Amino acid sequence: MTFALAACGGGGAGSGDEASEPAGNGGDSAAGDQTIGVAMPTQTSERWIADGQAVESQLEEAGYTVDLQFANDDIPTQTQQIDQMILQEVDLLIIASIDGTALTSQLDAAGAAGIPVIAYDRLINGSENVDFYVTFDNYNVGVQQATSLLVGLGLLNADGSENPDAPEGPFNIEVFAGSPDDNNAGFFFNGAMDTLKPFLDDGTLVVPSGQTEFDTVATLRWSQEAAQRRMEDLLTSTYTGGEELHGVLSPFDGISRGIITALQGAGYGPTLEEGLPVVSGQDAEIASVTLIDQGVQFSTIFKDTRKLATESVRAAQAFLEGSEPEANDTETYDNGVKVVPSYLLESDIVYADNITELLVDSGYYTAEQVEQGS
Ligand code: BGC
């Protein structure tokens with residue numbers, strides 16, 4: 001946050017000025033000769049577009065040439081893009097993987113060519129050649145998602161403290177997890193389920209479908225459509241005798257919107273005030289922020305992609321200058337071959353009443369974007 005670079009990632013909207021002087025390296029001409037390959041998973045989710053633009057613009061500000069590629073959530077496309085970057089002899093790779101286990105041969109090739117690899121937000125598993133990992137505190141993201149669900153149900157106060165006047169319940173909830181090939185999904189799910197556990201154990205919360213295992217509730221590729229279908233199936237298989245659903249743990253805004261569509265289609269809501277269940281989220285995607293503002297989705301988690309970009313640029317600069325980036329976690333992220341030194345950022349829970357403070361005042365979105373949803 002104290003880096004000069006932090007100031008230049010406005011809105012994740014690609015504020016890079018290719019003609020500007022390299023920042024952060026005193027105009028070192030070496031950076032100008034270096035190319036960094038940036039592999040992002042998809043452009044179907046707004047979050048990754050913002051990440052790609054923020055990384056690209058901040059690297060360019062620092063004087064590097066950038067090869068930015070998006071892979072449409074298609075694993076062969078991503079492996080080909082990375083193969084190509086290695087063939088072109090990029091100086092460093094920043095990779096947000098689609099499937100964290102599918103890049104072993106690419107990483108072997110990068111290692112053999114002496115190209116440092118930074119895993120961006122998603123850990124790459126099963127390889128020695130992951131040099132650094134920049135991400136958020138993913139377990140805590142899950143804690144925050146569950147906390148917001150409990151706040152929405154009135155079981156906790158907005159600051160996360162116990163509510164002495166909490167309603168007794170029981171409340172019916174259903175739970176969703178993210179993509180099983182994304183290492184983060186398990187962290188989010190574990191953080192969330194550990195937080196819900198005391199309420200499930202004492203019967204305040206009930207999962208009427210009985211579906212609480214990660215493998216059963218996971219959503220391949222974080223698909224909005226798959227989540228909508230699963231919610232529709234749950235409603236027709238489990239909520240047939242007039243049972244009311246009160247809340248849904250959702251790990252990502254796209255999934256949240258699929259769930260909300262299914263719920264509204266079944267006659268809930270359309271707003272929270274009119275009985276729509278409390279649905280959590282993640283990423284503060286603009287479409288979801290607007291739904292929160294309108295009293296439809298209850299919450300999301302804001303992960304400032306500008307700061308993540310800044311950390312990845314900082315790590316890249318360290319490697320390219322022959323030093324090691326500073327880690328703040330050297331224990332948590334074991335990729336099956338080694339513990340990858342990591343830099344974890346903090347995230348925030350977004351509710352209707354702090355959208356302005358967290359997202360507008362920080363310049364992430366304009367008030368007009370929040371109003372319009374795009
Ligand atoms: C990211 C989340 C995102 C999800 C779906 C995860 O790896 O950490 O922020 O919601 O992918 O794109």
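Below is a table of values for the structure above.
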item: Inter-residue pairs, beta-carbon under 9 Å, first on the phi < 0 side of the Ramachandran plot and in region 176-194, second in a helix (DSSP H, G or I) and of a type in the set (Lys, Arg), 6+ apart; result: Phe176/Arg230; Ser179/Arg221; Asp181/Arg221; Asp182/Arg221
item: Set Tyr133, Tyr139, Tyr120: member being under 17 Å from the mean Cα position of the chain (by Cα), in contact (Cβ under 8 Å) with a residue 12 or more places away in the chain and open to solvent by 30 Å² or more (accessible area, probe 1.4 Å); result: Tyr139
item: Every pair of residues 6+ apart whose Cβ atoms lie under 6 Å, when the first sits in region 248-271 and is in the same structural domain as Val175 (by TED's automatic domain parsing) while the second is open to solvent by less than 10 Å² (accessible area, probe 1.4 Å) and acidic (Asp, Glu); result: Val248/Glu174; Asp253/Glu285
item: Index of the failed condition, Arg314 passing every other in (1) part of a helix (DSSP H, G or I); (2) away from the ligand (no atom under 16 Å from the Cβ); (3) in contact with a helix residue (DSSP H, G or I) (Cβ under 9 Å, 6 or more places away or on another chain); (4) under 22 Å from Ser45 (Cβ atoms); result: (4)
item: So Gly114, is it touching a helix residue (DSSP H, G or I) at 6+ places or on another chain (Cβ under 9 Å), surrounded by fewer than 17 Cβ atoms within 10 Å (Cβ to Cβ), over 30 Å from Leu272 (Cα atoms) and at pLDDT 95 or above; result: no
item: Residues located in region 21-42, provided they are open to solvent by 10 Å² or more (accessible area, probe 1.4 Å) and at pLDDT 95 or above; result: Gln34, Thr35
item: Condition check for Val151: open to solvent by less than 30 Å² (accessible area, probe 1.4 Å), on the phi < 0 side of the Ramachandran plot, in a loop (DSSP other than H, G, I, E, B) and modelled with pLDDT of 95 or more; result: no
item: Residue check for Gly267: among the small types (Gly, Ala, Ser) and either open to solvent by less than 10 Å² (accessible area, probe 1.4 Å) or closer than 30 Å to Val130 by Cα (or both); result: no
item: Scan of region 291-311 for residues that are away from the ligand (no atom under 14 Å from the Cβ), out of contact with any Leu (no Cβ under 8 Å at 6 or more places or on another chain) and open to solvent by less than 10 Å² (accessible area, probe 1.4 Å), ordered by number; result: Ile292
item: Flag if Pro164 is part of a loop (DSSP other than H, G, I, E, B) and away from the ligand (no atom under 16 Å from the Cβ); result: yes
item: Whichever residue in region 270-290 is of a type in the set (Gly, Ala, Ser) and open to solvent by 10 Å² or more (accessible area, probe 1.4 Å) and, among such residues, is farthest from the ligand (Cβ to nearest atom); result: Gly275
item: Val143 in a strand (DSSP E or B) and within 24 Å of Arg47 (Cβ to Cβ); result: no
item: Number of the exception - Glu225 against (1) crowded, with 16+ Cβ neighbours inside 10 Å; (2) within 15 Å of the ligand (Cβ to nearest atom); result: (1)
item: Residue match in region 134-148 (condition: closer than 19 Å to Val279 by Cα and more than 16 Å from the ligand (Cβ to nearest atom)); result: yes
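To keep it simple, each residue is scored yes or no on (1) within 23 Å of Tyr351 (Cα to Cα); (2) in a strand (DSSP E or B); (3) among the hydroxyl-bearing types (Ser, Thr, Tyr).
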{"position": "Arg229", "(1), (2), (3)": "no, no, no"}
{"position": "Ile259", "(1), (2), (3)": "yes, no, no"}
{"position": "Tyr268", "(1), (2), (3)": "yes, no, yes"}
{"position": "Gly275", "(1), (2), (3)": "yes, no, no"}
{"position": "Ser323", "(1), (2), (3)": "no, no, yes"}
{"position": "Thr332", "(1), (2), (3)": "no, no, yes"}
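The values are calculated or read from the model by the stated rules, or taken from the named source; none is laboratory data. This is a predicted model, so every value here is computed, not measured. Note: ideal-geometry Cβ built from the backbone for every residue, glycine included; neighbour counts use all protein chains shown. The area values use the complete protein model at the heavy-atom level, side chains included, leaving out ligands, DNA and RNA. Shrake-Rupley method; radii C 1.70, N 1.55, O 1.52, S 1.80 Å.
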